[in-house]
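One structure is given here, and the rest of the page talks about it.
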Amino acid sequence: MSFRDNLGTHFLLLIAAIIWGTTWAAGRFLSFGIEEQSNASLDPATSAWLRYAFATLAFLILFFFRKSSQGFRIVPPDRESWKFSIWLGIFGTMCYQLFFMHGMKWTAAGDGSLIITLNPVFTVLLASPMLGQKISARMALGLLVGISGAAVVIGWSPNTEIPFNHRLMGDLMIIFATLAWAATNNLTKMFLSLQKGVSALEIVVWYSIIGWFMLTPWMAIEIWESGVPEPSIAEWGTVAYLGVVSTVIAYVLFAKGIEAIGPTAASSYVFLVPVFGVLGGWYLLDEELGASLIVGFTLIVFGVRAVQSESERLSPD
């Protein structure tokens, strides 16, 4: 089908990209605040826990709507599914959210949204030990170019109002978040390859809920140290946006896009996420724009495309 025939699908994918892009400004706002509120009242783990409280509620509503028509299951069906879901909860929810929220406390939203674009590169890199996929010379070159782009963003960011050592700390945490998400991608592939008849959406629901419980001790530690927070209306709204719109609705839109036009075409919209991440940081948080962000983004995208194309070429499928 032509682009015009799938115009509605492409519009939904664009909306998903915009939502995921603005997630970075939202995370920065919750973790650090804005000029008038330089210290946010919600600590990082508490923000992440509240985000997934909203997400879990939204997933439960989705479960009741899909239960009868599509056989949607709210819990894993067997022991092996539980094992994968627990590991996915560790990496896909707990580790990713903790690194993401703590990273946003220290670095700019635009910088972080560019660095996370390395996710496909790290996915292929981790596929070597996890899935037995070989790393070719072209993949290694793509990895080097992509990391060079991240180095440009980290070293020459225009957001110099944030001290360099703060940005470095935050950017490193975003890199760890990227690695956690790459591990999640590979674990999901391994889970689906078991051919247990589970859907990707069911897997996301399972590890999101499990990861939410795993975030509870981290939230409890923050409350023990800082006291019970009193979020503002803006913070409650931001948490709800991250939990319901970014975590649930955007994923459902993206999944529908994959079903309609295929994973390759749909995945191209992921490259729009950092664009909207930078624009969101500029418009919502008064972050700076600069040539280094363009150079870094170009290098990262070039490296990612090189790694992805080589991975597809070498794939036995």
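The values are calculated or read from the model by the stated rules, or taken from the named source; none is laboratory data. The model shown is predicted, which means the values in this text are computed figures rather than measured ones. FYI the Cβ positions are ideal-geometry reconstructions off the backbone, even for glycines, and counts take in every protein chain you see. When the accessible area is computed, the model is the full protein with side chains, heavy atoms only, and any ligands, DNA or RNA have been set aside. Shrake-Rupley method; radii C 1.70, N 1.55, O 1.52, S 1.80 Å.
Structure data summary
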| quantity | calculated |
| --- | --- |
| Accessible-area composition of the chain, carbon plus sulfur, in percent [1.4 Å probe] | 68 |
| Exposure of residue 241 as accessible area (Å², to 10), given a probe of 1.4 Å and all protein chains | 70 |
| 22 Å Cα cut-off, lysine pairs counted over the chain (separation 8 or more, or different chains) | 7 |
| Residue with peak Gaussian network fluctuation, the chain [Cα springs, cutoff 10 Å], from 190, 94, 104 | 190 |
| Length gained when the stretch residue 137-residue 256 is fully extended (0.36 nm per residue, less Cα-Cα span) | 39.4 nm |
| Residue among 193, 246, 41 with the largest mean-square fluctuation in a Gaussian network model of the chain, springs linking Cα atoms under 10 Å | 193 |
| Spin-label pair residue 172/residue 144, simplified geometry with 7 Å Cα→Cβ offset, distance in nm | 2.5 |
| Rg(Cα) / (2.2 N^0.38 Å) computed for the chain, rounded to two decimals | 0.97 |
| The chain: DSSP helices with Cα axial extent of at least 20 Å and average Kyte-Doolittle hydropathy no lower than -0.5 | 7-31, 44-70, 137-155, 164-193, 200-226, 291-314 |
| Spacing of the two label points (7 Å from each Cα toward its C-beta) at residue 14 and residue 82, in nm | 4.6 |
| Simple spin-label estimate for residue 161 and residue 236 in nanometres, 7 Å along Cα-Cβ | 2.9 |
| At R0 = 30 Å, FRET efficiency that the Cβ-Cβ distance of residue 7 and residue 249 yields, to 0.05 | 0.90 |
| Fraction of the pair-distance distribution of the range 84-209 above 20 Å, Cα-Cα pairs, percent | 49 |
